[in-house]
Amino acid sequence: MSEPSLARICNFFDEFSPASLSRLEDIYSKDVHFKDPLNEAFGRDQLHLVFEDTFKQLKKLKFHVLFSHGDESSALLRWRMHYEMRGKSFDIDGTTELHLNKDGLIKRQEDFWDASGPVYGQFPGLGLAIRGIRRLVKTKAH
């Protein structure tokens with residue numbers, strides 16, 4: 001990916017907001033495939049709905065791209081996401097794998113991040129179960 005394309009994409013994520021959804025066609029191909037631990041969308045219209053719903057559920061959502069690397073057809077981004085949910089603040093670190101079309105638009109995006117604590121862990125019974133599982137599988141130092 002050329003440096004200007006990568007910078008344009010990183011800038012989009014750094015400025016990600018409800019207002020930026022009007023610029024999806026400048027970043028994503030019409031037939032984009034998006035996947036993260038909670039959602040999957042096929043096409044820019046579905047992606048718009050996923051992002052719109054995300055902004056409804058999460059308050060003060062902000063991304064900051066910490067590192068990026070790419071070539072003409074793909075890129076990896078390392079990022080930190082901050083948001084508020086149910087009156088609590090959260091920070092999640094994640095990685096995004098991007099594949100681009102010949103026009104430099106994202107045709108595939110897969111986000112990798114741990115949803116077990118900050119999302120699933122917020123539900124009373126499920127949170128208790130997740131913490132218990134983590135204790136069971138955690139490597140014990142001898």
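The values are calculated or read from the model by the stated rules, or taken from the named source; none is laboratory data. Fair warning: this is a prediction, and the values are worked out from it, not measured in the lab. Neighbour counts run over all protein chains shown; Cβ positions are idealised from the backbone, glycine included. In case anyone asks, the SASA skips ligands and DNA or RNA and just uses the protein heavy atoms, side chains included. Shrake-Rupley method; radii C 1.70, N 1.55, O 1.52, S 1.80 Å.
The table below gives the values:
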item	result
Residue match in region 37-46 (condition: over 12 Å from Gln109 (Cβ atoms), of a type in the set (D, E, K, R) and touching an Asp or Glu at 6+ places or on another chain (Cβ under 6 Å))	no
Residue selected from region 56-67 under the condition in contact with a helix residue (DSSP H, G or I) (Cβ under 8 Å, 6 or more places away or on another chain) and open to solvent by less than 40 Å² (accessible area, probe 1.4 Å), by the criterion nearest to Leu98 (Cα to Cα)	Val65
Failed criterion for Ala19 (all others in (1) open to solvent by 40 Å² or more (accessible area, probe 1.4 Å); (2) closer than 20 Å to Phe112 by Cβ hold)	(2)
Odd one out for Phe12 among (1) free of Cβ contacts under 8 Å to residues at least 40 places away in the same chain; (2) out of contact with any strand residue (DSSP E or B) (no Cβ under 8 Å at 6 or more places or on another chain); (3) open to solvent by 10 Å² or more (accessible area, probe 1.4 Å)	(3)
Filtered residue count, region 39-55, keeping only those that are touching a helix residue (DSSP H, G or I) at 6+ places or on another chain (Cβ under 9 Å), open to solvent by 40 Å² or more (accessible area, probe 1.4 Å) and either under 22 Å from Arg80 (Cβ atoms) or touching a residue at least 24 places away in the same chain (Cβ under 8 Å) (or both)	3
Residues of region 21-38 satisfying the condition of being in contact with a strand residue (DSSP E or B) (Cβ under 7 Å, 6 or more places away or on another chain) and either of a type in the set (Phe, Trp, Tyr) or free of Cβ contacts under 8 Å to residues at least 12 places away in the same chain (or both)	Tyr28, Phe34
Count of residues meeting criterion [more than 19 Å from Asp14 (Cα to Cα) and open to solvent by 70 Å² or more (accessible area, probe 1.4 Å)] in region 80-103	5
